[in-house]
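Q: My questions all concern the structure below.
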Amino acid sequence: MGHGALMLGHNYPSVMEAAQAQLALGTHYGASTLKEIEWAEEVTRTVPSAEVVRFTSSATEGTPMALRLRTHTGKSGVIKFDRHFHGWHDYVVASSKYSAGAPAGVPQATLDSVSVLPLEMGEVRRTVDERGDVGAIIVESAGASSGQLPVPRGFLHELQAFCRAQGIVFIMDEVVTGFRWAPGGVQEVEGLKPDLTTLAKILAGGFPGGAVAGSREVMEFLRFPDPGTKATKVGHPGTFNANPLSAAAGVACLREIADGRHQRRANDLSAQLRAG
Ligand SMILES: Cc1ncc(COP(=O)(O)O)c(C=O)c1O
């Protein structure tokens, strides 16, 4: 199922119709489109903590954006968890399922800025105290390997409260769990409100796409261009950011999920199968 991107299955009718209609209109207009706004509206109505959304072409572009947004804390250190996967970029590639040892080609200074920890609050507290520079913590919401190594019950709530108290950006990676655990992901099920959420896979209905969604307060640090304060902002130019084809498919896919139509269709199909 497309590494988890095709939650509705291959060639899901409403998603394919939306994509084909968009193909006839064009695949690139060079700047923001109304489809991008519709796409963002689907995310904000579904994901509880999403006030503002920025689209990328993959989560490997989205998770570094979320981590870069720790800039406003003035602290450069990062905590990630053992074997949690957030893409293949330099900050997160240490101790993912693809890289148990030192990852090739990553500067030592980058590796040194990231602490890789077990899912234990004692370790988190100790590391934050010792380093004194932790600006962001990123966690795979259901645990490593799509939840095969689950997050202990209560851990995410404790982590969120700790991040709030310490002024650390709390990032939930909902690339696998978003729109799947519940339409609003693990944060909907658990009643959490991360500062930032990373999304991809189902988000774009089977086309390339990712996003960072979060509180207006933190997402403000993405505003660009802003000549007066450029140095303190995170820039995000990208040729295919929020491209209209992925947006069209994403809107159709997220509407199916938010309205529960995919569930009714699945029930109808299985009733037809049972009836022979
Ligand atoms: C939890 C998680 N985060 C991030 C990623 C990276 O996503 P992408 O393949 O869109 O770069 C993945 C991909 O499998 C993932 O499972």
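The values are calculated or read from the model by the stated rules, or taken from the named source; none is laboratory data. These figures come from a predicted structure and were not determined experimentally. In this analysis, Cβ positions are derived from the backbone assuming ideal geometry, glycine residues included, and neighbour counts consider all displayed protein chains. Just so you know, the surface numbers come from the protein's heavy atoms only, side chains and all, with ligands and any DNA or RNA stripped out. Shrake-Rupley method; radii C 1.70, N 1.55, O 1.52, S 1.80 Å.
Q: Considering only the other residues whose Cβ falls under 12 Å of the Cβ of A182, what net charge follows from Lys and Arg at +1 and Asp and Glu at -1?
A: After counting each charged neighbour, the total is -2.
Q: Diagonalise the Cα gyration tensor of the chain and give the resulting equivalent ellipsoid semi-axes, square root of 5 times each eigenvalue, largest first, whole Å.
A: 32, 23, 17
Q: Let me ask another. Extending each Cα 7 Å along its Cβ direction at A165 and R153, get the distance between those two points in nm, one decimal.
A: In this crude label model, A165 to R153 measures out at 2.2 nm.
Q: At 1.4 Å probe size, with the rest of the protein present, what percent of the exposed accessible area of segment 52-106 is carbon and sulfur atoms?
A: 52 percent
Q: From a point 7 Å beyond the Cα of L23 in the direction of its Cβ, which residues of segment 205-219 have a backbone N at a distance under 16 Å?
A: In segment 205-219, the label zone of L23 (backbone N under 16 Å from the point 7 Å along Cα→Cβ) covers 205-208.
Q: Here is a further query. Along the charge dipole of segment 2-275, pointing to its positive end and built from +1/-1 on Cβ of Lys, Arg, Asp and Glu, which listed residue (P107, L203, A50) has its Cα farthest out?
A: It is L203.
Q: Summarise the accessible area of segment 109-156 (1.4 Å probe, protein heavy atoms) by the percent that is carbon and sulfur.
A: 46 percent
Q: Moving on. What net charge do the residues around L6 carry, taking every other residue with its C-beta under 15 Å from that of L6, with Lys and Arg at +1 and Asp and Glu at -1?
A: Net local charge, L6 excluded: +2.
Q: Based on the mean of other beta carbon atoms within 10 Å per residue, what is the order of 25-35, 248-258, 107-117, most packed first?
A: 248-258, 107-117, 25-35
Q: Using 0.36 nm per residue, how much length does the chain from D82 to Q108 gain when fully extended, once their Cα-Cα distance is taken away?
A: 7.5 nm
Q: Using θ = phi - 60° and the Karplus relation 6.51 cos²θ - 1.76 cosθ + 1.60, list the HN-Hα couplings for segment 39-54 in order, rounded to whole Hz, with x at every Gly or Pro.
A: These are the phi-based 3J(HN,Hα) values: 4, 4, 5, 5, 5, 5, 7, 9, 8, x, 8, 7, 9, 9, 10, 10 Hz.
Q: How large is ³J(HN,Hα), in whole Hz, for each residue of segment 196-206 in order, when computed from phi with the Karplus curve 6.51 cos²θ - 1.76 cosθ + 1.60 and θ = phi - 60°, using x for Gly and Pro?
A: Per residue, the Karplus-derived 3J(HN,Hα) values read 9, 10, 9, 9, 5, 6, 4, 2, 10, x, x Hz.
Q: Additional query: State to the nearest 20 debye the size of the charge dipole of segment 2-275 about its Cα centre, where the only charges are +1 on K and R beta carbons and -1 on D and E beta carbons.
A: The dipole of segment 2-275 has a size of about 180 debye.
Q: What fraction of the Cα pairs in segment 56-136, stated in percent, has a spacing above 15 angstrom?
A: Taking all Cα-Cα pairs of segment 56-136, the fraction more than 15 Å apart is 57 percent.
Q: Per residue, how large is the accessible surface of the chain? Use a 1.4 angstrom probe and give square angstrom.
A: I get 47 Å² per residue for the chain.
Q: Using modelled backbone amide H atoms (1.01 Å from N, in-plane), which distant-in-sequence or interchain residues come within less than 5 Å of T56's amide H?
A: Here the answer is G210, A211, V212, A242, since their amide H atoms fall under 5 Å of that of T56.
Q: Could you calculate the contour length gain from H72 to V189, that is, 0.36 nm times the residue separation minus the distance between their Cα atoms, to one decimal place in nm?
A: Computed gain between H72 and V189 is 39.2 nm.
Q: Starting from 0.36 nm per residue, how many nanometres of slack lie between R45 and M121 once their C-alpha separation is accounted for?
A: 24.2 nm
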